[in-house]
Each structure stands twice: as C-alpha cells, then as structure tokens.
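**Q** Have a look at this one.
We did not get these values from a lab; they are worked out from the coordinates using the rules stated. Predicted model, so just to flag it, every value in this text is computed and none were measured. Here Cβ is always computed from backbone atoms with ideal geometry, including for glycine, and neighbour counts include all displayed protein chains.
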Amino acid sequence: MQIKKVGVLGCGLMGSGIAQVCASAGFETYVREVDQKYLDKGFAGIEKSLSKFAEKGKITADQKTEIQNRLHGTTSLDDLKDCDLIIEVVIEDIKIKNEMFSHLDKICGDHTIFASNTSSLTIAEMAAATSRPDKVVGLHFFNPVPLMKLVEVVRSVTTSKETFDIAFEFGKALGKKPIATKDNSGFVVNLLLVPFLLSAIRALETGVASTEDIDKGMMLGCGHPMGPLTLLDFVGIDTTYKIAEIMFQEYKTIEYACPPLLKKMHLAGFHGRKTGKGFYDYTDPRNPVAMDLGI
C-alpha cells in the first residue's frame, strides 16, 4: 500500500511537529484539533519553524510555500476519513484515544492504518477499540520532531507484518531513523529514560546534591547534552507525572514509582518551561535559576 494522505490527530507541540515533517516529506497532511484556536496556535508554530529552516538555507521560499500548501486544518474527525494513515497525538488518556479510533474505524476505508504516538500506553489496548487490530501500530516521535531523527515503530501482538513494514518505511520516508520495538509500556527509550529521570528527582529530594550540581554532574560526567532536571522541565513535569503513573501501573516496580516531589510540583502547577516554573525558574528564559522547592 502506498501512503499518500496522512491524518494527524492533535496540533500541539508534538502534533504540529509531526504534521510539519509529513508535509515536508511530500504527504498531503490533514490535522484535526478540537478547536480552531488550537489549530491556529499549532500552524503558527509550524510557520515559525519553517521560517527558521528557510533562514538557514535548509529549504527555499518556494519549498516553504509548497509545504504549507500540503497542510490542511480541520475540527472534524470526518475530514480524515480518506487518509491512508492516521497518527494520533493527543493526551495520554486511553479513553480519549480509543473514542477517536472507534469513530474513525467506522468511517475510514479498510486499508487505513491507525498509528499512535503514545509514549507509555500499549498499542494493543488501542487496537482492541477497532475492528482492524492488524492495522494498528505505534509511531513514537521525539521532541522537537523536525530535528530529532528517531522514531520508534511499535508492533503489538495483533499488528500484521505488512502494517509494521509500511509504518517502518514511512518513518524512513520522513527522513527519520526508525527502530523496531515490541509493545511494552515505554518501548525502548522511555523504558530506560523514565527511571533515570525519576532517580534524579529522588537524588534532589533526599539532598544528594543541588539542582545545578545534579545536572552538571550528568552533563560533564556522562556527556549528556542537558541534565536530567533541565530535561524534565523541557519534557514537562505534568507529562512525566502522567507517564510515570501509567508505567508504574503496568510494571508495579519501584523504578517507575512517582517521587513525592514530582507529585507536589505537578499539583502546584510547576510544569516546567511551559509554565515558567519547574526545577528552574524561567522568568529570564536565557538565564534560568534553580527554584527553591522547600527541600
């Protein structure tokens, strides 16, 4: 099967990035959001990103226009019914994801493949909400999508080899470096990354070292481009909290248990860069300073 038309469910930071790379790779791309204001915000982000690429000479002005002409926004799920591949990029709530897949299952052609960008839920649980479990697969991208090369291609117990192969080749067509993974919560990257991030929080709350020194230690000692607490602010405290809760329910092991400090920060609305406060205060984004978290 040849993929020509792609649907993207969600136009937030990840959804808009996925839509951008799909349109940049030559696919007609339809992006669905629940409200026009979210589409406007997402498309403004795509405009900004493409402008930066044009300024750096990575694309021409004509190519930028062609990419934008391949992007189409909508607030109706029904406008995605003719898509060959639909990628879900909404919040980590299995009920919401399954409601959308169930609706699309009824209106899309039999050939349409459903993919999820989930980072912690299982693909099999979403496949069960459809009448095409063999055509449901995971495509987990990384932020910022236009720059990060990796995509995890996830095969569940019901995903056919044909569907997996199509998804894997689609990842290549986007200019990504796909890796194959089985359908376990967290797949490869988050299975290993989440315990590392949670351990950094525990080190901070038990007084092993300061915020700055934990980050500096991992950057200078292990060659990481950014420290774990800075990365948590970038990913989002709320996002990490949700992922940790889901993965702990799946595995029931201590390395995925949510540290008390993470829960308190989530409840306080200290969600990282997006709210201006997390492990660091971003009042001056170019010079963030460690937050006094009362520990």
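**Q** Give me the percent relative contact order of the range 108-157, please, defined on Cα pairs under 8 angstrom at least 6 residues apart. Walk me through the numbers on the way to the answer.
**A** Working: 63 pairs, mean separation 17.8, N = 50.
Across the range 108-157, relative contact order equals 36 percent.
**Q** Label points 7 Å out from Cα along the Cβ direction at residue 251 and residue 110: separation in nm?
**A** So the label points at residue 251 and residue 110 sit 4.0 nm apart.
**Q** I'd like the FRET efficiency for residue 102 and residue 173, computed as 1/(1 + (r/R0)^6) with the beta carbon distance as r and R0 of 25 Å, rounded to 0.05. Please list the in-between numbers first.
**A** Working: r = 28 Å, r/R0 = 1.12.
Efficiency, rounded to the nearest 0.05: 0.35.
**Q** Which Cα, out of 200, 178, 10, lies furthest along the positive dipole direction of the chain (beta carbon charges, K/R +1, D/E -1)?
**A** Selected residue: 178.
**Q** Also, quick follow-up: How many angstrom lie between the Cα centre of the range 96-128 and the Cα centre of the range 201-259?
**A** 30
**Q** Same structure again: Which one of 235, 163, 147 is farthest out on the positive end of the charge dipole of the chain, using unit charges on Cβ (Lys, Arg +1; Asp, Glu -1) and the Cα centre as origin?
**A** 147
**Q** Let me ask something else about it. Could you list 286, 273 so that the one with the fewest beta carbons within 10 Å of its beta carbon is first and the one with the most is last?
**A** Working: 286 5, 273 18.
With the sparsest Cβ surroundings first, the list reads 286, 273.
**Q** Would you kindly state how much longer the chain becomes between residue 65 and residue 188 on full extension, computed as 0.36 nm times their sequence separation minus their alpha carbon distance, in nm to one decimal? Numbers along the way, then the final one.
**A** On the way: separation 123, 0.36 × 123 = 44.28 nm, distance 3.63 nm.
Gain in length upon complete extension: 40.6 nm.
**Q** Would you please give the FRET efficiency between residue 54 and residue 1, computed as 1/(1 + (r/R0)^6) with r the Cβ-Cβ distance and R0 = 30 Å, to the nearest 0.05? Working shown, then result.
**A** Numbers: r = 33 Å, r/R0 = 1.10.
Efficiency for this residue pair is about 0.35.
**Q** As an exercise, use a Förster radius of 22 Å and the Cβ-Cβ distance of residue 293 and residue 196 to find the FRET efficiency, rounded to the nearest 0.05. Kindly include the intermediate steps, with their values, before the conclusion.
**A** Working: r = 20 Å, r/R0 = 0.90.
With a Förster radius of 22 Å, E is 0.65.
**Q** Using a simple spin-label model with points 7 Å from Cα along the Cα→Cβ vector, what separation in nm is obtained for residue 35 and residue 226?
**A** Taking the two extended label points, one gets 2.7 nm.
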